[in-house]
Every structure is written in C-alpha cells, then in structure tokens.
Amino acid sequence: MLPPKSTVYVGCTGQDAFGEALTSACVREGVLTKYRIEKDQPTGRCGVIITGHHRSMVTDLAAANHYKLEHLESPEIWTYVKSAKIYYVGGYHLTVCVPAILALGKHAAETGKVSCDCFSTDVLDCWLMARDRSSP
C-alpha cells in the first residue's frame, strides 16, 4: 500500500501498557505515531461486538479526552501537518478538541488540501443530543 511512515497518527495516550500496545501496533504497520502523553490518565480503550454486519462499541476515551491544540501547533507536529496532503479526523475527536479540528481545517482550506471528518459515529449523536438538552 503506502510506504512506511507516510501516515502520521496524532492523538493522546496515557503512559501505560495500552499506549505502548497502540504504538507498537502502529509501528508494526508502518504508521508513525506522534502522541501527546497524558501521564495522569490511562490510554483509552474500546470494546467491540460484531454480529453479522452489525457492530456495537463501548468506548472509554480516557487520555484521548485530554488532547490539546498546543500539541497540534507545536513545531514538531505542525511540520507533519504542513507536509501532509490529506487530513482525517475521527468522530470521537469532535467531543474532545474542536479548536484542533478547526486549526487543521483552516490550514487545509488555506493550502487547498483535503480534510475528511467522520460524522457517522454514534458518539456524535449523543454529543449533539446532550448539547441540545443543555442549550436554552
């Protein structure tokens, strides 16, 4: 498919065995990881049940909930942002750090790059319902 390290995975993990396992799996598949390490939070976990063509997921984002715009805008990470041609943001990130999504989208628009966002996740539905219930 793609040459090793041509895809960069940016996010936030804990400093624990799950974070190490995630990094190892990415490295094994040729994905470069550039995580923000949240020492006081565990790495998020997800359980999945698959029945035929249906799936059900239960997720604890844990450290991923602590991603910060400052990490994305740091000189090291922003170098990867500038050199990328396509950006993909998973749906869970919409509940975590909207300023980072906006910064990435703004850069993509200014430079004519492709930005893809996943809006199909059920977490988005739950987040929108909670937001709507809390709005006047």
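Data table
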{"read-out": "Computed over the chain: relative contact order in percent, which uses C-alpha pairs under 8 Å that are six or more apart", "value": "18 percent"}
{"read-out": "Kirkwood hydrodynamic radius (C-alpha pairs) into Stokes-Einstein, the range 22-63, 10 °C and 1.306 mPa s, D in µm²/s", "value": "127 µm²/s"}
{"read-out": "Two-site label geometry, LYS106 and TYR88: point separation in nm, points 7 Å out along Cα→Cβ", "value": "2.6 nm"}
{"read-out": "Equivalent ellipsoid semi-axes, the chain, via Cα gyration tensor eigenvalues times 5, rooted, Å", "value": "23, 21, 17"}
{"read-out": "Beta bridges by DSSP in the chain, antiparallel share as percent, to the nearest 5", "value": "40 percent"}
{"read-out": "Value of [θ]222 nm, deg cm²/dmol, for the chain, DSSP H segments ≥ 4, -39500 (n - 2.57) each, nearest 500", "value": "-11500 deg cm²/dmol"}
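A short reminder: the numbers here are calculations on the coordinates, not readings from a lab. Small disclaimer: the values here were computed from a predicted structure and weren't measured. All Cβ positions, even for glycine, are placed from backbone atoms using ideal geometry, and neighbour counts span all protein chains on display.
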